[in-house]
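The values are calculated or read from the model by the stated rules, or taken from the named source; none is laboratory data. Being a predicted model, the structure only gives us computed values, none of them experimental. Cβ placement follows ideal geometry from the backbone for every residue including glycine, while neighbour counts extend to all protein chains displayed.
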Amino acid sequence: MHKRRSQGVLVVKIRDGMSHLVLTIGPTHTLRQAARMMSARRIGAAVVIDPEHAGIGILTERDILDSVAAGEDPDAELAAQHRTEDLTFASPDWTLEEAAAAMVKGGFRHLVVVEDHDVAGLLSMRDIVRSWTSAEAVQGTSPQPAATSA
């Protein structure tokens, strides 16, 4: 991992925490097909690439859940109808702190990581937590327990 210390804090880059293998689907995949592929890989998002549409989108487990909750048929609804296209893209050189701030500001839990105009990976909140937990283990520190009130 490419970790460095900055003012006594271990800095971890997105490239060290992101998933390098990204599930990509087409816009005509049904929500059920997408859900099956995501479930089989135990992931929460797929990148949607449409050869007839510039740019990429993302379909998340939340998108599928919202559709099913609205009574829509997962065998009839397509990824193209539920993907998010207005994405915030991250660089692999961002710190996990920068990634987390972008996620909180934008209200989303996945970042598509782009390098040289290509999808390089995907970063989820779970990836950030896993990386920070690993970094603490390397430092030999443990998280402080949450304060409780009686």
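Pairing each residue of segment 123-143 that is modelled with pLDDT under 70 with any residue that is surrounded by 13 or more Cβ atoms within 10 Å (Cβ to Cβ) and basic (Lys, Arg), provided the two are 6+ apart or on different chains, yields C-beta distances under 9 Å for 135/3; 138/3.
Is it the case that some residue within segment 70-91 is in contact (Cβ under 8 Å) with a residue 60 or more places away in the chain and of a type outside the set (Asp, Glu)? Full working, then the answer.
Within segment 70-91, the subset in contact (Cβ under 8 Å) with a residue 60 or more places away in the chain is 90-91.
Narrowing the set further to residues that are of a type outside the set (Asp, Glu) leaves 90-91.
Yes, because at least one residue in segment 70-91 is in contact (Cβ under 8 Å) with a residue 60 or more places away in the chain and of a type outside the set (Asp, Glu).
What are the residues in segment 109-122 that are free of Cβ contacts under 8 Å to residues at least 24 places away in the same chain and more than 24 Å from residue 52 (Cβ to Cβ), if any? Working first, answer last.
Initially, segment 109-122 is screened for residues free of Cβ contacts under 8 Å to residues at least 24 places away in the same chain, giving 116-118.
Listed by number, the list is empty, since nothing qualifies.
Here are some residues: 74, 51. Which one is in contact with a strand residue (DSSP E or B) (Cβ under 7 Å, 6 or more places away or on another chain) and either surrounded by 12 or more Cβ atoms within 10 Å (Cβ to Cβ) or not basic (Lys, Arg) (or both)?
Just one listed residue meets the conditions, 74.
Within segment 52-82, can you find the residues that are within 24 Å of residue 18 (Cβ to Cβ) and touching a helix residue (DSSP H, G or I) at 6+ places or on another chain (Cβ under 7 Å)? Don't jump to the end; show me each part of the working.
Going through segment 52-82, the residues within 24 Å of residue 18 (Cβ to Cβ) turn out to be 54-65, 79, 82.
Of everything in segment 52-82, those that are within 24 Å of residue 18 (Cβ to Cβ) and touching a helix residue (DSSP H, G or I) at 6+ places or on another chain (Cβ under 7 Å) turn out to be 59, 61, 63, 64, 79, 82.
In segment 31-40, is there at least one residue being among the charged types (D, E, K, R) and over 14 Å from the mean Cα position of the chain (by Cα)?
First, the residues of segment 31-40 that are among the charged types (D, E, K, R): 32, 36.
Narrowing the set further to residues that are over 14 Å from the mean Cα position of the chain (by Cα) leaves 32, 36.
Yes, segment 31-40 contains a residue that is among the charged types (D, E, K, R) and over 14 Å from the mean Cα position of the chain (by Cα).
Search segment 108-118 for residues being over 17 Å from residue 42 (Cβ atoms) and under 12 Å from the mean Cα position of the chain (by Cα), and hand back the single one that is surrounded by the fewest Cβ atoms within 10 Å (Cβ to Cβ).
Here is the first cut: in segment 108-118, the residues over 17 Å from residue 42 (Cβ atoms) are 108, 111-118.
Applying the additional criterion that residues be under 12 Å from the mean Cα position of the chain (by Cα) yields 108, 111-113.
Numbers: 108: 18, 111: 29, 112: 21, 113: 24.
Filtering first and then ranking leaves 108.
Can you report the number of residues in segment 78-93 which are under 10 Å from residue 14 (Cα atoms) and either at pLDDT below 95 or within 14 Å of the chain's Cα centre (by Cα) (or both)? Before the answer, list the steps.
Step one: list which residues in segment 78-93 are under 10 Å from residue 14 (Cα atoms), which gives 90-93.
With the extra rule that they be either at pLDDT below 95 or within 14 Å of the chain's Cα centre (by Cα) (or both), the set shrinks to 90-92.
Summing the residues that are under 10 Å from residue 14 (Cα atoms) and either at pLDDT below 95 or within 14 Å of the chain's Cα centre (by Cα) (or both) in segment 78-93 gives 3.
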